[in-house]
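Structure first, commentary second.
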Amino acid sequence: KDGYMITSGDASNHYIDSAVRHIKLKQGVLGIKVKIMLPYDPKGRNGCSVVQPDVVTVMEPKEEKELDIPPKTGYAVDFTGGATATEAVGPAGPTGEPMPTTALGPAMDVGPAPGPL
């Protein structure tokens with residue numbers, strides 16, 4: 001085996017030439033399927049004139065320029081306003097233990113889960 005055969009993508013529509021023939025014999029039907037991959041030919045006479053998508057041309061990178069404004073910080077925003085972890089805990093719940101807080105405020109206490117029906 002030499003080289004490779006393209007079997008998927010748009011390049012297979014251009015580069016693969018296939019043929020199927022069936023022969024009806026007394027014992028049954030015999031079928032032959034042949035696929036030939038054409039070479040690249042820029043003029044399109046002896047092969048395909050479409051360049052394969054795996055041919056990569058490396059370009060020189062563009063010069064980077066400085067940003068006028070600072071970039072957004074994303075998820076690294078400090079929602080506590082500089083408070084420590086013990087100060088960030090909100091008011092106490094019905095059992096006397098502190099309720100955890102979320103980024104938007106104290107967590108809601110919805111009560112116990114309903115029992116089985």
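A short reminder: the numbers here are calculations on the coordinates, not readings from a lab. What you are looking at is a predicted structure, and each value in this text was computed from that prediction instead of being measured. Because the Cβ atoms are built from the backbone with ideal geometry, glycine has one as well, and the counts that use them run over all protein chains shown.
Overview of values
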{"quantity": "For the stretch 43-55, 3J(HN,Hα) per residue [Karplus equation, 6.51 cos²θ - 1.76 cosθ + 1.60, θ = phi - 60°, Hz, x = Gly/Pro]", "calculated": "8, x, 7, 10, x, 8, 8, 8, 6, 5, x, 8, 7"}
{"quantity": "Summed residue charge, Cβ within 14 Å of Pro39's Cβ, Lys/Arg positive, Asp/Glu negative", "calculated": "-1"}
